[in-house]
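Please treat every number below as a calculation from the coordinates, not as lab data. All figures in this text were calculated on a predicted structure; none of them were measured in a lab. Cβ coordinates were reconstructed from backbone atoms using ideal geometry, including for glycine residues, and neighbour counts include every protein chain displayed.
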Number of protein chains: 2
Amino acid sequence: MRDPALSGFAEVVEPFRVMDILARAQAAERSGRDIIHLEVGEPDFPTPPAVIAAGRAALAEGDTRYTPAHGTQALREALSADYRRRHGAEVDPERIVITAGASAAILLALAAGVNPGEEVLLPDPGYACNRQFVAARGATPVGLSVQAEHAFQPTAESIAAAWGANTRAVLLGSPANPTGTCLSRDRLAAIVETVRKRGGLVIMDEIYAQIVFDTPEPSAAAGFPDVVVINSFSKYFAMTGWRLGWMVVPEAWVDPVRRLAQNLFVAPGTVAQAAALAAFAPETEALLQSQVQELKARRDVLLDALPRLGLEVQARPEGAFYVWTDCRAHGVDSEALCARILDETGVALTPGTDFSPTRGRDYVRIAYTQSESRLREALERLQTVFARG
Amino acid sequence: MRDPALSGFAEVVEPFRVMDILARAQAAERSGRDIIHLEVGEPDFPTPPAVIAAGRAALAEGDTRYTPAHGTQALREALSADYRRRHGAEVDPERIVITAGASAAILLALAAGVNPGEEVLLPDPGYACNRQFVAARGATPVGLSVQAEHAFQPTAESIAAAWGANTRAVLLGSPANPTGTCLSRDRLAAIVETVRKRGGLVIMDEIYAQIVFDTPEPSAAAGFPDVVVINSFSKYFAMTGWRLGWMVVPEAWVDPVRRLAQNLFVAPGTVAQAAALAAFAPETEALLQSQVQELKARRDVLLDALPRLGLEVQARPEGAFYVWTDCRAHGVDSEALCARILDETGVALTPGTDFSPTRGRDYVRIAYTQSESRLREALERLQTVFARG
């Protein structure tokens, strides 16, 4: 008897290198070393106290049964109000679908809008999982090379050039992971127009949209009713382990996406939905905004220091909590460099190979999910090891 | 500007009729009618108090960050111990993958074991969503007609006859939804042997496996290490809204499935995992077993009464909380019959069309998720309306 064969997809699905780095970092920690974790994309801030309290209250009330597949009316209305306040966007609560994290939202968007065998354009570098979401749908991920001079974001021209007979959709991110760069409103409008002409679909991942430092652009939900917008409570609201996200879908998609959500996920978590209602209170918003300011200060520390360490930042990160640095000055590929840095300094970074199959060996991602003082210590350690050569 | 086109799958995905019935029943309730809900497959028991308390404690401790993609070590070990105690099965915790409900487990199993374009055999009648899980993978669901004389379960012969060049897997359920019938150990062994010979995959949905009344069979995890076993905290543990399930995968699948889980779901819910640890304490197990006895008593009430109401039960339900009844004696199709029963008596039942595209008009599913006294009242109301003819 042999174990049953894996699908072609499962045979080749790649692990995150960041998880290998994390495992090695944790092993080093167990042996007593002090590790500074700048590898994992999880905010260091705890879930806001008001959200925790609301979750505990929901549990005390026994609020543990299925909600509607597309989420509670109360949470969809709260998100609609938040789009109005934060982005000046009118988003009908009926167009909002609550999901088990942005992951489930992307799976739903692809099930709803892409057929097996079709192609989906994905910026390279980009979030590694996106390739796997597309493959899980039986569709084909196609890399769309993005350049530093365009803030590592696609242009309408690059999308037009890459669009083939079998292309169905493009999945964008702003601010993007791993670069932290944003897509400008003008560029987005040109891209949407280009895709519309081809009868295609724009999916916009905005899970970092509330973490923008300089000149925030409104959500794509403002003004582009045919764009599928993905978001999450994980990052800005610091609710990673709650597994709660949402999507805004075009009017004509509302009923089919609800049916898909019923079938594929039954419903998102009940307690998480009840707890998330507390995330929009003014005190919590003030707390979250102070965290955004803290992230901005950390970014500025990195932007100041990294060039002197031979880690070039080619496009200014405007949001999220990542810096994408060119490490070629060090003369080794990013996996070797990250391994060496971890071994010699206890600073854990992610090699770019998680994010770019083509150029990942030249780049390193730094997640600034540690306090400013720890970040400064990490930079000092890097200075020491690089000074030794 | 037109809204972007839906995928072929999204164009045709069907709603649950049970949701229409539920919506109508709720509208009737709002207008003041007393409705007896026997339509939705959600246990009426609340989440056990010890689980609620453990969830609240986890929140108080700020236990809200990502866990490993395949779940916490503690919960996987607790499940392994439960397989030993409940089923006499040795299941290595490393082979257990915690998921966001059985839904995510089935999505993962299909991503891991089935290629787009391949066929998956599904018993008819069966759980409606299974067709949609298969279609979401870009694969083709193929109905496998099951007969009352075989307890509405497939036989090895029926699977051998249905197996084609492009068939990759069969998805079984025991106890099954909507019939409540079990697959005997001998029959399972013959099916596994048949599928092994063809190099195929058996996926066994056991989300009701702990709710069996007469002669419980052990889990397929006992003795069939190449079968993918799906389970959930939703039903026996009454944790529907927590969205927590798990799967047992073949040894050779462990690493690829963890990688898939990382990519497609990041991780299952953190608080739900912490809370579920309390589900295995002896007091909670005693409470849950008393609930199984209560379900058994309700089933017996139905089995006694339904034949006199012209609702024939052709195969004895041995578990779950469903009875699948042949309603042809009433001379109307099940959708019309359920609509009439709801309108005239306030008893909400599910037409069989949710579960069988071929024979659903002849059957009605009754979910006995109400107290015995409410169930008796529902039967009296049915008696009254049927007596009027």
(message) Taking the Cα centre as origin and putting +1 on Lys and Arg beta-carbons and -1 on Asp and Glu beta-carbons, what dipole magnitude results for the protein assembly as shown, to the nearest 20 debye?
(response) 260 debye
(request) Report, in degrees rounded to the nearest 10, the 0 to 90 angle that the Cα long axis of helix A:101-113 makes with the longest principal axis of chain A. (result) 60 degrees
(request) Every other copy gets compared here: list the nm distances from the residue B:46 label point (7 Å along Cα to Cβ) to its counterparts, shortest first, one decimal. (result) 2.7
(request) Quick one: with label points 7 Å out along Cα→Cβ, list the inter-copy distances for residue B:383 in nm, shortest first? (result) 8.8
(request) Enumerate the calculated ³J(HN,Hα) couplings along the stretch B:21-29 in order (Karplus 6.51 cos²θ - 1.76 cosθ + 1.60, θ = phi - 60°), each rounded to whole Hz, writing x wherever the residue is Gly or Pro. (result) 4, 4, 4, 5, 5, 5, 4, 4, 4
(request) Give me the net charge of residue A:196's neighbourhood, meaning all other residues with Cβ under 11 Å from the Cβ of residue A:196; Lys, Arg count +1, Asp, Glu -1. (result) 0
(request) Specify the inter-centroid distance of the stretch A:231-250 and the stretch A:1-57, based on alpha-carbon positions, in whole Å. (result) 18 Å
(request) Of the DSSP beta bridges with both residues in the stretch B:49-280, give the percent that are antiparallel, rounding to the nearest 5. (result) 30 percent
(message) For the stretch B:152-176 and the stretch A:111-126, what is the centre-to-centre distance using only Cα atoms, to the nearest Å?
(response) 32 Å
(message) Starting from a Cα-only point model with no solvent, please compute log10 I(q)/I(0) by Debye for the protein assembly as shown at q = 0.10 1/Å.
(response) -1.03
(message) So, R0 is 60 Å and r is the distance between the beta-carbons of residue B:344 and residue A:162; what FRET efficiency does that work out to, to 0.05?
(response) 0.50
(request) Answer with one residue from A:385, A:164, A:12: the one whose Cα lies farthest towards the positive end of the charge dipole of chain A, charges on Cβ with Lys, Arg +1 and Asp, Glu -1. (result) A:12
(request) Treat every Asp and Glu Cβ in chain B as -1 and every Lys and Arg Cβ as +1, leave all other atoms uncharged, and give the resulting dipole magnitude about the Cα centre to the nearest 20 debye. (result) 340 debye
(message) Could you give the length gained by full extension between residue B:148 and residue B:184, i.e. 0.36 nm per residue of separation minus their alpha carbon distance, to one decimal place?
(response) 11.5 nm
(message) Can you return the lysines within cross-link range of residue B:235? Criterion is Cα-Cα under 28 Å, with same-chain partners fewer than 8 residues away left out.
(response) B:296
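What is the sum of charges, Lys and Arg at +1 and Asp and Glu at -1, for the other residues whose Cβ falls under 11 Å from the Cβ of residue B:52? Present the calculation step by step, with values, prior to reporting the outcome.
Working: positive: A:56, B:56; negative: A:61, A:63.
Summing Lys and Arg as +1 and Asp and Glu as -1 gives 0.
Expressed as a whole percent, how much of the Cα-Cα distance distribution for chain A exceeds 29 Å? Intermediate results must be reported in sequence, preceding the final value.
On the way: 33138 of 75466 pairs.
The calculated P(r) of chain A puts 44 percent of pairs beyond 29 Å.
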(request) Quantify how strongly other chains surround peptide B:60-68 by giving the mean number of their Cβ atoms within 10 Å of each of its Cβ atoms. (result) 5
(request) Choose one answer from A:375, A:110, A:287: the residue with the largest mean-square fluctuation in a GNM of chain A with alpha-carbon springs under 10 Å. (result) A:287
(request) With an 8 Å cut-off on Cα pairs and a minimum separation of 6 or more residues, tell me the relative contact order of chain B in percent. (result) 25 percent
(request) Assuming a ≥ b ≥ c are the square roots of the Cα gyration tensor eigenvalues, decide whether the stretch A:159-261 counts as rounded (a/c under 1.5), prolate (otherwise, with a/b larger than b/c) or oblate. (result) oblate
(request) Write down the Å³ per residue value for the convex hull defined by the alpha carbon atoms of the stretch B:1-128. (result) 277 Å³
(message) Using a Gaussian network model on chain A with a 10 Å cutoff between Cα atoms, which of A:349, A:309, A:108 fluctuates the most?
(response) A:309
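Over all directions, average the projected area of the Cα convex hull of the stretch B:49-280 and note it in nm².
Working: hull surface 47.4 nm².
Spelled out: convex hull of the Cα atoms, projected over all directions, averaged, 11.9 nm².
Counting only GluC sites (Glu not before Pro) that are in a DSSP loop and have at most 16 other C-beta atoms within 10 Å, tell me the longest site-free stretch of chain B. Mind dumping the intermediate values first?
Working: sites that count: B:61, B:90.
No qualifying site falls inside B:91-389, the longest such stretch.
Going by a ≥ b ≥ c, the root eigenvalues of the Cα gyration tensor, does the stretch A:33-102 fall in the rounded group (a/c under 1.5), the prolate group (a/b larger than b/c) or the oblate group?
Values: a/c = 2.22, a/b = 1.40, b/c = 1.59.
In terms of gyration-tensor shape, oblate.
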(request) With everything on Cα atoms, drop me the angle between helix A:334-345 and the longest principal axis of chain A, reported from 0 to 90° to the nearest 10. (result) 60 degrees
(message) What whole-number distance in Å separates the alpha-carbon centres of the stretch A:283-301 and the stretch A:73-99?
(response) 23 Å
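For the stretch B:49-280, what is the charge dipole size about the Cα centre, in debye to the nearest 20, if Lys and Arg each add +1 at the Cβ and Asp and Glu each add -1 at the Cβ?
Working: 19 positive and 21 negative charges, 88 e Å.
Charge dipole of the stretch B:49-280: 420 debye, to the nearest 20.
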(request) Could you tell me which of B:179, B:66, B:275 has its Cα farthest along the dipole of chain B towards the positive end, charges placed at Cβ (Lys, Arg +1; Asp, Glu -1), taken about the Cα centre? (result) B:66
(request) For an R0 of 22 angstrom, estimate the FRET efficiency from the Cβ-Cβ distance between residue B:294 and residue B:214 and round to the nearest 0.05. (result) 0.90
